[in-house]
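Visitor: After the structure tokens below, expect a handful of questions from me.
The values are calculated or read from the model by the stated rules, or taken from the named source; none is laboratory data. All values reported here derive from a predicted model rather than from experimental measurement. We place every Cβ from the backbone using ideal geometry, glycine too, and count neighbours over all the protein chains shown. Calculation scope for accessible area: heavy atoms of the full protein, side chains included, ligands and nucleic acids excluded. Shrake-Rupley method; radii C 1.70, N 1.55, O 1.52, S 1.80 Å.
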Amino acid sequence: MNAEPFTGHAPGSPLYRRLITGLFCAGIATFAQLYSTQAVLPQIAADLTVAPATAALTVSATTLGLAAAVVPWSIVADRIGRVPAMAIGVIAATVLGLVAPLSGEIGLFLVLRVAEGIALGAVPAVALAYLSEEVRPRYAAAAAGSYIAGTTVGGLLGRIVAGMVGESAGWRIGIWTVAVICAFAAALFLLLAPRAQGFMPRRFDEQGPGILARLAASLRSPQLLALYAQGFLLMGAFVAVYNYLGFHLSEAPFLLPAWVVTLLFLAYFAGTLSSPWAGALASRFGRFPVLLVSILVTAGGALLMLIPNAPLVMGGLLLFTAGFFAAHAVASGWTPVAATPNTRAQASSLYYFGYYAGSSLFGWCLGLVFGGASWMWFVLLIVGMCATSAAIAVLGLRAARTGRP
């Protein structure tokens, strides 16, 4: 008697809970390490006697390494399997994260951070493809939202822990403490993530000729291109706001102290709440309307930050953060669903390539606008990026079959 075909895990089952919890831990292990140096950049600059811009490369080097690695990791995952690929990545990243703070000079530290970013790329490159294959299609959007919530917790945890510990014990101990936490999170992922049942790794001799064809297929799809644009534009806007809002609030008329500005990272909790909520709403009402409303909330939060009133600016930041992570949860979870079964890993990796390319590009170039023009023009460009993202969504995604419940 033949066994019934695997149709995916459903909420309430033990394997579904293990999968969601495991990927939540993987998100923490990845994104806490990725952004841990951002909170201790002044200490790094002073201790290693480098300029602030050079110290900031400790963040950019890691995100660039991740962006460069997501497509190769998707190929590796097709060959050896989803869970083994992510396991190799998180283990390698944890080891590098523990070693990197021991660097005595900036050059070696940057090399290790690039290597760490390359290793970290395994999780975002593969996690959503793994989810789409292991969870019943009806619940895939909600499951993706839970994973994105883990990434927000990781991003916040890395910054807050490194900053608080680094202030009293030094930046090396701060980053090392984050790496230890990530080691525990990685161990939980390895213990909890269930064996893949919805995907069978391909042999090496089957893989080679089809790699470029699968990438090309993902780049020819108007729907996927529209989803890549969401990550590119919205992540670029998000990183730019978090890069430069602290400078804005430390100037007149706000003149907020540094410790208050540091607490701005707590706005990440808005994303932790909004991402699974957006996933659940997308499962109920369809991905497209939830994506569009999320973009509008992001733009509305940015406009609120134009008002020269600190509580209103912080309220705008909460809306902006909640809207961004909701949109990211929907778009990133939609990507592997919109791809064909044999291109899901490549489609997800291309989404994250655009996502981190937008982070690197706009996180830098919008700083030129902030420094050379004004906060008003900076915010208007952010809103313009949101409007462009919404327009592309309307053109490319409104009629998509997977946009409906």
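Visitor: Within region 109-133, can you find the residues that are among the acidic types (D, E) and either within 16 Å of the chain's Cα centre (by Cα) or modelled with pLDDT of 85 or more (or both)?
Guide: E116
Visitor: When the residues of region 266-322 are filtered to those that are touching a Phe, Trp or Tyr at 6+ places or on another chain (Cβ under 6 Å) and among the small types (G, A, S), which remaining residue is nearest to T335 (Cα to Cα)?
Guide: Filtering region 266-322 for residues touching a Phe, Trp or Tyr at 6+ places or on another chain (Cβ under 6 Å) gives 271, 274-275, 287, 298, 301-302, 310.
Now drop any that are not among the small types (G, A, S), which leaves 271, 274-275, 301-302, 310.
Numbers: G271: 20, S274: 19, S275: 16, G301: 26, A302: 26, A310: 37 Å.
So, considering only residues that are touching a Phe, Trp or Tyr at 6+ places or on another chain (Cβ under 6 Å) and among the small types (G, A, S), the one nearest to T335 (Cα to Cα) is S275.
Visitor: Same structure, new question: Of all residues in region 13-41, which are of a type in the set (S, T, Y), within 22 Å of Y147 (Cα to Cα) and under 18 Å from the mean Cα position of the chain (by Cα)?
Guide: T21, T30, Y35, S36
Visitor: Oh, and also: Give, as residue ranges, the helices (runs of 4 or more DSSP H) completely inside region 2-100 that count at least 3 residues that are touching a His at 6+ places or on another chain (Cβ under 9 Å).
Guide: Filter on region 2-100 gives 14-35.
Visitor: Take F109 and tell me if it is surrounded by fewer than 19 Cβ atoms within 10 Å (Cβ to Cβ) and either within 22 Å of T321 (Cβ to Cβ) or of a type in the set (F, W, Y) (or both).
Guide: No.
Visitor: Is it true that F370 is under 28 Å from V59 (Cβ atoms) and surrounded by fewer than 24 Cβ atoms within 10 Å (Cβ to Cβ)?
Guide: Yes, satisfied.
Visitor: Looking at region 231-250, which of its residues are modelled with pLDDT of 80 or more and not aromatic (F, W, Y)?
Guide: G231, L233, L234, M235, G236, A237, V239, A240, V241, L245, H248, L249
Visitor: Do the conditions hold for L23, that is, is it of a type in the set (A, V, I, L, M, F, W, C) and open to solvent by less than 30 Å² (accessible area, probe 1.4 Å)?
Guide: Yes, satisfied.
Visitor: While we're on this one: Let me confirm something: among A339, A357, which residue is of a type in the set (G, A, S), open to solvent by less than 60 Å² (accessible area, probe 1.4 Å) and more than 22 Å from V59 (Cβ to Cβ)?
Guide: Step by step, each of A339, A357 is checked, and only A339 is of a type in the set (G, A, S), open to solvent by less than 60 Å² (accessible area, probe 1.4 Å) and more than 22 Å from V59 (Cβ to Cβ).
Visitor: While we're on this one: I need every pair where a residue in region 356-377 that is at negative phi has its Cβ under 7 Å from the Cβ of a residue that is modelled with pLDDT of 85 or more and not in a helix (DSSP H, G or I), sequence separation at least 6 or different chains.
Guide: These pairs meet every condition: M376/L306.
Visitor: For the structure I just gave you, tell me whether F189 is closer than 23 Å to P72 by Cβ, modelled with pLDDT of 85 or more, buried (at least 19 other Cβ atoms within 10 Å of the Cβ) and among the aromatic types (F, W, Y).
Guide: Values: closer than 23 Å to P72 by Cβ: yes; modelled with pLDDT of 85 or more: yes; buried (at least 19 other Cβ atoms within 10 Å of the Cβ): yes; among the aromatic types (F, W, Y): yes.
In short, yes.
Visitor: Could you give every pair whose Cβ atoms fall below 7 Å, whose first residue belongs to region 185-200 and is part of a loop (DSSP other than H, G, I, E, B), and whose second residue is at pLDDT below 80, counting only separations of at least 6 or pairs across chains?
Guide: Q197/F6; G198/F6; G198/G8
Visitor: For region 140-173, name all the residues that are at pLDDT 80 or above, open to solvent by 20 Å² or more (accessible area, probe 1.4 Å) and either of a type outside the set (A, V, I, L, M) or closer than 28 Å to H9 by Cα (or both).
Guide: Matches in region 140-173: V153, S168, G170, R172.
Visitor: Tell me whether region 42-60 contains one or more residues that are over 19 Å from E167 (Cβ atoms), under 15 Å from the mean Cα position of the chain (by Cα) and surrounded by fewer than 24 Cβ atoms within 10 Å (Cβ to Cβ).
Guide: Yes.
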